[in-house]
Structures are given as structure tokens and as C-alpha cells.
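Undergrad: Following this message is one structure expressed as C-alpha cells.
The values are calculated or read from the model by the stated rules, or taken from the named source; none is laboratory data. Since the structure is predicted, the reported quantities are computational estimates derived from the model, not experimental observations. Because the Cβ atoms are built from the backbone with ideal geometry, glycine has one as well, and the counts that use them run over all protein chains shown.
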Amino acid sequence: MTHRLDDPADIRSTTVTTLAPAEGNSAERSFNRGTLAWAAPIVPWLWFVVRGVHSLMDWIAIGLPVLTIGAGIVALYGTVTRASLRWLLVFVSLVLFFVVAVVGPWRPTNGSAPTSSIRVATVNTGLYWFSDNDVGFLVNQEQPNIVIGVELTEAHDTELRSRFPNAEAEILPLERQQQNEIAMQPDGESYRRNGLPSIGVYANVEIERLDDPLDGVIDGGLPGFRLQIETDSGPMIVYALHIPRPIGGDGPYEVSVSEHVAMVEAIADAVDAETLPTLVAGDLNAVDRGQSYRRLTENLVDGMRHDGWAVPTADRPLPFSLLFARIDHLLMSPSLCTDNTASINTRYADHRPLVADIGPC
């Protein structure tokens with residue numbers, strides 16, 4: 001018996017046959033979405049896998065706290081509004097990730113105290129924040145043997161020279177620095193196109209400025225000074241630095257993220273070649289979640305963690321404080337130890353001054 005194509009039995013059979021695979025595909029897609037949803041708590045932890053693949057990861061490193069807090073708010077909203085276990089797991093994962101990735105680099109390493117020491121202070125005065133009286137107050141309060149200052153004015157330099165017998169400084173006139181701040185840039189391709197931001201080292205121990213190890217290695221050379229100081233326990237090398245901001249390279253005293261990483265790599269190589277105990281101090285513009293910080297601490301110890309908890313040093317109002325940026329550092333050879341460290345909360349600066357007793361372990 002022969003059926004015609006339009007026979008109702010054929011139509012019903014064809015319809016059933018074509019619908020069955022579609023239902024299966026839909027179920028499969030639903031299963032895949034569900035599986036991916038349960039895997040979502042793992043996603044933040046992939047940061048530790050990808051953070052070193054490219055210098056641009058430092059952009060994410062800078063904004064990591066904001067990204068994590070934002071994602072956490074979304075996950076908490078999903079937990080409350082949907083009563084969803086999956087959203088709760090994502091929220092808990094993000095909280096733990098924040099603790100490990102953002103707060104983790106602040107935790108103490110609990111090293112031993114130095115056998116003898118000098119007190120070192122480093123501060124970014126921010127031009128308009130620290131007055132010369134504020135600088136005098138810091139010196140009176142902390143009694144440092146050495147002060148490393150960046151973004152200094154001529155008034156700061158005069159005040160510090162009145163308090164310390166030895167100094168090595170390059171100070172730009174305030175008017176020139178103000179021009180730099182509003183990006184009135186002279187011609188030139190170097191990161192120093194605005195002039196080296198005013199930096200000075202002031203000490204009551206002997207200091208000697210040494211050759212620039214980056215001269216001819218990177219454009220502009222070392223962003224600061226390389227010094228040798230004399231202490232009761234012997235000579236020490238000090239890199240007093242103000243590394244340009246890794247923002248974009250078009251503004252005043254800025255470089256691109258890749259240029260910042262390359263500059264830090266060159267500095268780290270120079271420090272690794274030193275034969276004397278070495279201290280790297282100043283405004284390094286390197287967040288402790290980024291590649292630059294990890295490269296510097298491959299062979300150096302974070303002095304601010306050696307004696308206790310470190311804290312963010314970019315002391316800015318909201319929303320910038322949500323970046324939790326620790327960009328000022330005291331890094332040292334493993335043979336050196338710190339004691340009596342402090343990140344000073346001041347009313348007059350947008351950076352926290354750092355102080356520590358530093359000497360042989």
C-alpha cells in the first residue's frame with residue numbers, strides 16, 4: 001500500500017521526528033549553562049594564572065580591588081534576591097579572593113630585628129601637601145638618620161638641609177613643577193621630558209652619589225639616585241627612586257604600563273648585580289599586586305612587612321581609596337632587617353610617609 005506525502009500519518013511522524021532533537025539540544029544547553037554557573041566561583045582565582053602573561057595585566061592589578069568589590073556586590077544581590085546557593089558560593093569566593101589577592105601582600109613576614117640600624121624615612125611630599133613646617137615636624141617626630149623625599153620644593157630642600165649635614169638633591173623650581181602638573185611639556189621623547197621630578201636625600205651619615213647603572217640602558221636613565229652611605233655596620237647601597245606612573249605615557253611624568261615594567265626590570269637587574277647590602281626606597285608607583293612589585297621582590301625583602309602589617313600608601317579620598325594602592329616602598333637585601341616600621345597617617349599628604357629602622361639581621 002502506498003501513502004501520499006500529505007497523508008496525516010506521515011505528517012505526524014515527520015513532526016515528531018524533527019522535534020525530538022530540538023528538545024535534546026535545549027536540555028543540553030541548559031545543562032551546560034548550569035555547569036558553567038557552578039564553575040563561576042573558580043573564575044576570580046584564574047587571576048593567579050594570567051597575571052603574568054602580559055604587562056597590560058598591571059592595569060587589572062591596579063583596578064583589582066574595585067573589580068572584586070563590584071563583582072561581590074552583584075553576587076550578594078543575586079544571593080539575596082534569588083536565594084541562590086550558586087550566587088552565595090560566588091560571593092564567598094570573591095570575599096576570599098579579595099583577602100588573598102589584595103590584603104595578602106600586606107601580611108607580616110615576621111623577620112628578625114637588626115643587630116644595629118639607621119632610621120630611614122621616605123616621603124612623597126606632593127608639592128602642595130607637605131609644607132616645609134610639615135617636613136620639619138616629620139623629622140622631629142621620627143628622628144630619621146636619612147630622609148628620601150620626592151616632589152620636593154625649594155622650601156622643602158632648604159628646611160631639610162638645615163636639619164641634615166649631608167645632602168644630594170635635584171630640585172626643580174616650583175613654577176616648573178606646576179607647569180609639569182598641568183602637562184605643559186617641553187619637547188622630547190624621554191620620560192624625563194619634564195625634568196626629573198625633584199628628589200633629594202638628606203642624611204646625618206656620609207653619603208656619596210654613584211654612577212647611574214641605567215645610563216644608556218633605558219631612555220632617561222635611573223629615575224632617581226644611586227648612593228653609597230656609611231653606617232656603623234658598614235657601607236650600604238641606596239636606590240632613592242621616583243619611578244614614573246604607569247598610566248599611559250601622555251601626561252606629566254608618565255610612561256606606559258609596558259615601559260614601566262621594562263624600567264623596573266632594568267632597575268631590578270642593576271640591584272641584583274650589587275655586592276653590598278642594598279636598599280630600594282621611594283615612590284615606585286608599583287602596586288603590590290602587579291608584575292613590577294613581584295619582579296623587585298624576587299631578590300629583595302619588603303621592609304614594611306618585615307616588622308608588621310603593611311598598609312596602602314596612596315592616601316586619597318573616595319573613590320580612589322578603593323584602589324588600596326601601596327606604591328611607596330622600602331625594599332632591601334635579604335641580609336637586612338627592619339624594626340619599628342610605621343606608615344604614617346598624616347593630615348597633610350596624599351602619600352603616607354614610611355619610616356623604619358634598617359640594618360643587618
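Undergrad: Restricting to segment 95-124, give me the number of residues that are out of contact with any helix residue (DSSP H, G or I) (no Cβ under 6 Å at 6 or more places or on another chain) and within 26 Å of Asn204 (Cα to Cα).
TA: 12
Undergrad: May I pose another question? Conditions first: (1) surrounded by fewer than 21 Cβ atoms within 10 Å (Cβ to Cβ); (2) without any contact (Cβ under 8 Å) to a residue 40 or more places away in the chain; (3) in contact with a helix residue (DSSP H, G or I) (Cβ under 7 Å, 6 or more places away or on another chain). Leu322 passes all but one, so which condition is the exception?
TA: For Leu322, the failing item is (2).
Undergrad: Okay, next question. For segment 81-199, list the helices (runs of 4 or more DSSP H) that sit wholly inside it and hold at least 3 residues that are modelled with pLDDT of 85 or more; which are they?
TA: Once the helices (runs of 4 or more DSSP H) in segment 81-199 are filtered for at least 3 residues that are modelled with pLDDT of 85 or more, what remains is 85-98, 132-142, 154-163.
Undergrad: Take segment 294-319 and flag every residue that is touching a residue at least 40 places away in the same chain (Cβ under 8 Å) and touching a strand residue (DSSP E or B) at 6+ places or on another chain (Cβ under 8 Å).
TA: Val301, Asp302, Gly303, Met304, His306, Asp307, Gly308, Ala310, Val311, Thr313
Undergrad: Does Leu331 fit the bill of being of a type in the set (A, V, I, L, M, F, W, C), modelled with pLDDT of 95 or more and touching a helix residue (DSSP H, G or I) at 6+ places or on another chain (Cβ under 8 Å)?
TA: yes
Undergrad: Of the residues that sit in segment 104-127 and are surrounded by 15 or more Cβ atoms within 10 Å (Cβ to Cβ) and of a type in the set (Ser, Thr, Tyr), which one is farthest from Val238 (Cα to Cα)?
TA: Of everything passing the filter in segment 104-127, Thr125 is farthest from Val238 (Cα to Cα).
Undergrad: Residues to consider are Arg347, Arg316, Arg295; find the one that is at pLDDT below 95 and either surrounded by 21 or more Cβ atoms within 10 Å (Cβ to Cβ) or over 26 Å from Phe130 (Cβ atoms) (or both).
TA: Sole residue among the options that is at pLDDT below 95 and either surrounded by 21 or more Cβ atoms within 10 Å (Cβ to Cβ) or over 26 Å from Phe130 (Cβ atoms) (or both): Arg295.
Undergrad: Further question on the same structure: Looking at segment 201-229, I want the residues that are closer than 18 Å to Ala266 by Cβ and have a partner that is surrounded by 21 or more Cβ atoms within 10 Å (Cβ to Cβ) and charged (D, E, K, R) with Cβ atoms under 6 Å, at least 6 apart or on another chain. Which pairs are those?
TA: Here the result reads Leu210/Arg226, each pair linking segment 201-229 to a residue that is surrounded by 21 or more Cβ atoms within 10 Å (Cβ to Cβ) and charged (D, E, K, R).
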